[in-house]
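One structure is given here, and the rest of the page talks about it.
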């Protein structure tokens with residue numbers, strides 16, 4: 001895909017707006033996490049592939065921007081969904097989603113996620129949270145190529 005240089009990059013935003021926040025590669029597998037915010041900064045699972053790391057950093061960056069929500073079973077889950085959607089929208093502009101889906105012949109799978117430089121969960125979040133007008137636009141564009 002073209003235009004790699006215009007993509008929203010969470011590491012660039014972190015360096016520009018949160019220079020005091022360090023990013024640390026650690027073993028989070030025992031916690032079954034890919035990332036989290038701690039007093040020393042953002043921790044990312046050290047075995048993450050680049051696109052998982054990018055998706056995780058975007059997610060944690062949105063948490064930084066929104067502020068850490070107090071723990072509550074109902075509201076924590078709601079906040080995670082909101083953060084997932086914001087991160088997915090930033091990482092996957094609609095025109096990039098369209099181009100990747102055309103390139104991958106309309107599939108929504110790991111190959112499309114790879115093409116977009118995100119993990120599959122982020123891709124699925126973006127698709128599942130399309131606004132009706134985005135969904136209609138995407139369907140019209142894809143139908144033009146069938």
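Rule-based calculations on the coordinates, nothing more; no lab input. The shown structure was predicted, so the numbers you read here are calculated from the model rather than taken from an experiment. Cβ atoms come from the backbone with ideal geometry, glycine included; neighbour counts cover every protein chain shown.
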Inset, instruction - Can you grab the distance from the C-alpha centre of segment 87-123 to the C-alpha centre of segment 45-65, Å, no decimals? - result: 16
Legend entry - Degrees between helix 50-66 axis and first principal axis of the chain (Cα, 0 to 90, nearest 10): 70
Legend entry - Point-to-point label distance, residue 47-residue 33, nm (Cα→Cβ direction, 7 Å offset): 1.8
Inset, instruction - Pull out a ≥ b ≥ c, the square roots of the eigenvalues of the alpha-carbon gyration tensor of segment 1-68, then state rounded if a/c is under 1.5, prolate if not and a/b is larger than b/c, and oblate in the remaining case. - result: oblate
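In the chain, how does Rg compare with the Kirkwood Rh, expressed as the Rg/Rh ratio over alpha carbon atoms? Display every interim value, and only then the final one.
On the way: Rg = 16.1 Å, Rh = 16.2 Å.
Rounded to two decimals, Rg/Rh equals 0.99.
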Inset, instruction - Please figure out what share of the DSSP beta bridges in the chain is antiparallel and state it in percent, rounded to the nearest 5. - result: 45
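Mind ranking 20-26, 93-99 by how tightly packed they are, going by the mean number of other C-beta atoms within 10 angstrom, highest first?
Those peptides, ordered most packed to least, come out 93-99, 20-26.
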Inset, instruction - Specify the angular offset, from 0 to 90 degrees and rounded to the nearest 10, of the alpha carbon long axis of helix 73-91 from the longest principal axis of the alpha carbons in the chain. - result: 50
Legend entry - Estimated 222 nm signal from helices in the chain, with DSSP H stretches of n ≥ 4 weighted -39500 (n - 2.57), rounded to 500: -17500 deg cm²/dmol
Inset, instruction - Mind jotting down the three principal axis lengths of segment 79-124 based on Cα atoms? Whole angstrom, largest first. - result: 33, 18, 14
Inset, instruction - Return the Rg/Rh value of segment 5-44, two decimal places, where both radii are evaluated on C-alpha atoms and Rh is the Kirkwood radius. - result: 1.05
Inset, instruction - Multiply the residue gap between residue 124 and residue 95 by 0.36 nm, knock off their C-alpha separation, and tell me the result in nm, one decimal place. - result: 8.9 nm
Inset, instruction - Provide the gained length on full extension for the span residue 17 to residue 71, in nm with one decimal, where the gain is 0.36 nm per separating residue minus the Cα-Cα distance. - result: 16.9 nm
Inset, instruction - Please give the helix 94-103 orientation as an angle from the longest Cα principal axis of the chain, in degrees from 0 to 90, rounded to the nearest 10. - result: 60
